[in-house]
C-alpha cells in the first residue's frame, strides 16, 4: 500500500511535495507537440544577431561596453541572449498557462488531487524554465561559434540566463492568472516589444535622455541585458549583485502571487 505523507505547517494547504507529477505531464505533452513551434522563440533573437550584428556591425564599429570598447556584435549578443531567455520563459508561462487555466481546466483537475497550488505553480514555472534554459544554451553555442565568447567568465551567462528565465516565468504565470480572455494576451506583447527595443539591447543606455534612462533602468530586461553584458567580459561590480537580487525578488514575488491566485481560483 502506498505511503501517504501528511504535511503540516503554514504551507500544508499550499504544497504537497508533488512537483514531479506536473513536470512529468509537461514533458509528456511536449513530446507530442510540434517542435517547430517550440523552437520558434529561439529563432528570432538569432536572426537579430545575424542581421544586425553582421549588417550594422560593419558600419557602427566599436561600442562602449562594461570593460571598454567592444565590437557591435559582441555588444548585442549578450543582450539577445537575455531576450532569448525571456522569450522561452514567457511563452510557457503565459500562453500555455492561460490555455490550461481557462480552457482545458487542467489546473482544476490537478488541484482536486493531493497537489497544492504551489506544486502546480512550481511545476509550470519549471517547464517554462526548461524552455528558457534550452533557448539560452542554444544561443550561447551560436555565440561561441561566431567568436563572441571572449572571456572564460562568459560561461556564467548560462546560469544567469536561467535565473532570468526563472524570474520572467514566475511573474508571467502570476500575471496570466488575472487574464480571462485570449484577446488580453496581446497586452503581453504590447509590454514586451518596447522593453525589447529600448532596454539598451541595441544601443548603450547613454544615448537616451536622462529621464528616459531612469525608466529603462526599472525594466527587468535591462537588468538582464546589463547582467549578461558584464558577465560576457568578466566585469563584476556592485551593480552585478543588484541585477541578481532584482531577479531573485521577481522569482519569489511571482511564485507567491501565482500560488495565491491558483488557490483563490480553484480552491474556493
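Bear in mind these aren't lab numbers, they're just calculated from the coordinates by the rules spelled out. Source: prediction; values computed, not measured. Here the Cβ positions follow ideal geometry from the backbone for every residue, glycine too, while neighbour counts run over all protein chains shown.
At 222 nm, what value in deg cm²/dmol follows for the chain if DSSP H runs of at least 4 each add -39500 (n - 2.57) and the sum is divided by all its residues, to the nearest 500?
-22000 deg cm²/dmol, from helical runs alone.
Quick check: residue separation of residue 67 and residue 114 times 0.36 nm, minus the Cα distance between them. What number comes out in nm?
Value of the extension gain: 11.7 nm.
Sort 186, 92, 119 so that the residue with the fewest other Cβ atoms within 10 Å of its own Cβ comes first and the one with the most comes last.
Arranged by neighbour count, lowest to highest, 186, 92, 119 become 186, 119, 92.
I'd like the orientation of helix 238-266 relative to the chain: the angle between its Cα long axis and the longest Cα principal axis, in ° from 0 to 90, rounded to 10.
30 degrees
Of [x] 122; [y] 156; [z] 148, which one was derived for volume of the Cα convex hull per residue in Å³ from the structure shown?
So the calculated entry is the one marked [y].
Would you mind ranking 177, 114 by Cβ crowding within 10 Å, fewest neighbours first?
Fewest-to-most Cβ neighbours within 10 Å comes out as 114, 177.
Which order do the peptides 128-140, 160-172, 46-58 take when ranked by the mean count of other beta-carbon atoms within 10 Å per residue, highest first?
160-172, 128-140, 46-58
Any idea what angle helix 35-48 forms with the longest principal axis of the chain, computed on alpha-carbon atoms, 0 to 90 degrees, nearest 10?
With both axes taken from Cα atoms, the answer is about 20 degrees.
Would you please classify the overall shape of the range 127-268 from the alpha carbon gyration tensor, given that a ≥ b ≥ c denote the square roots of the eigenvalues, rounded means a/c under 1.5, and beyond that prolate means a/b larger than b/c while oblate covers the rest?
Verdict is prolate for the range 127-268.
Using a ≥ b ≥ c from the Cα gyration tensor of the range 124-211 (square roots of the eigenvalues), is it rounded, prolate or oblate, where a/c under 1.5 gives rounded and otherwise the larger of a/b and b/c decides, a/b for prolate? List each step's numbers first, then the result.
Details: a/c = 2.49, a/b = 1.30, b/c = 1.91.
Oblate, because a/c is 1.5 or more while a/b does not exceed b/c.
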